[in-house]
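In what follows, a single structure is set out as structure tokens and then discussed.
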Amino acid sequence: DQNSVTFIWDYKHIYPIAQVKNAAVVDVAATSFEADGTGGWTYTGALTADPTTITGNLCYSLGGGNITKSGLTSGTTYVLSYWTKNGSPLSIAGTISGYPIKGKTVNGWTYYEHKFTGQTSMTVSGSGYIDELRLYPATAQMTTYTYSPLIGTTTTCDVDNKVTYYFYDTYQRLKWIKDQDGNIIKTLQY
């Protein structure tokens, strides 16, 4: 009688990189381009290190190839969100009128959100760099995570695409938690 909760696992299937409420696994995909897996996406290009990425340390250059997801239900409305260094949003087939929505810009990265329907597969193509690529039904809620293996969580990106950063001391103990604007929201002293 409860809504389903789907997890996407990565980092050699040790850590959950996404939690999606009210969605089946075939309808979701997420990646921050940090771990060994693809988070349900299909792509072959190389990852690029960038110290300004929204989550983690790596991003993807669309010049290296398209990113695709198949097996979608054509009658379902989906949300596709991403952060990009492009000056404009990507073109996504089936995008509903009024979308994409442009969000906040942080460190040169701008957030875009598309809603689309009528597609059994989707392709992310174009040029430039992208990070924190998420796909889920419009009736679902997604939270994503990145990690520093054996240390802890490094970022969380909540259902509103607000990023929280976690910093550790030399003893690998949590030291600070900051919001996406760099404001310290919690300090831990040992």
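Laboratory data are not the source of any read-out in this text; all were calculated from the coordinates shown. These numbers come from a predicted model, not from an experiment. When we count neighbours, we look across all protein chains shown, and the Cβ atoms used for this are built from the backbone with ideal geometry, even at glycine.
With N set to the number of residues, divide the alpha-carbon radius of gyration of region 1-44 by 2.2 N^0.38 Å and report two decimals.
That works out to 1.18 for region 1-44.
How much length, in nm to one decimal, is gained on full extension between LEU174 and ILE151, taken as 0.36 nm per residue of separation minus their Cα-Cα distance?
7.4 nm
If you find the alpha carbon centre of region 125-190 and of region 49-63, how far apart are they in angstrom?
14 Å
Past 27 Å, Cα to Cα, is the threshold; run LYS12/LYS85; LYS115/LYS178; LYS69/LYS162; LYS21/LYS162; LYS12/LYS102; LYS21/LYS115 against it and keep the listed order.
Over 27 Å Cα-Cα: LYS12/LYS85; LYS115/LYS178; LYS12/LYS102.
For region 53-147, what is the relative contact order in percent, using Cα pairs closer than 8 Å and at least 6 residues apart in sequence?
Worked out over region 53-147, it gives 44 percent.
Going toward the positive end of the dipole of region 1-116, with +1 on Lys and Arg Cβ and -1 on Asp and Glu Cβ, which of THR31, GLY71, SER91 do you reach last?
It is SER91, whose Cα lies furthest towards the positive end.
Can you give the relative contact order of region 1-109 as a percent, counting alpha carbon pairs under 8 Å and 6+ residues apart?
18 percent
Would you tally the net charge around ILE17, using a Cβ to Cβ cut-off of less than 12 Å, leaving ILE17 out, and scoring K and R as +1, D and E as -1?
With Lys, Arg at +1 and Asp, Glu at -1, the neighbours total -2.
So how strong a dipole does the chain carry about its Cα centre when Lys and Arg Cβ are +1 and Asp and Glu Cβ are -1, to the nearest 20 debye?
My answer is approximately 160 debye.
What's the long-distance tail for the chain, i.e. % of Cα pairs beyond 29 Å?
The calculated P(r) of the chain puts 19 percent of pairs beyond 29 Å.
With an 8 Å Cα cut-off and a minimum separation of 6 or more residues, compute the relative contact order for the chain in percent.
With pairs under 8 Å counted, the relative contact order is 21 percent.
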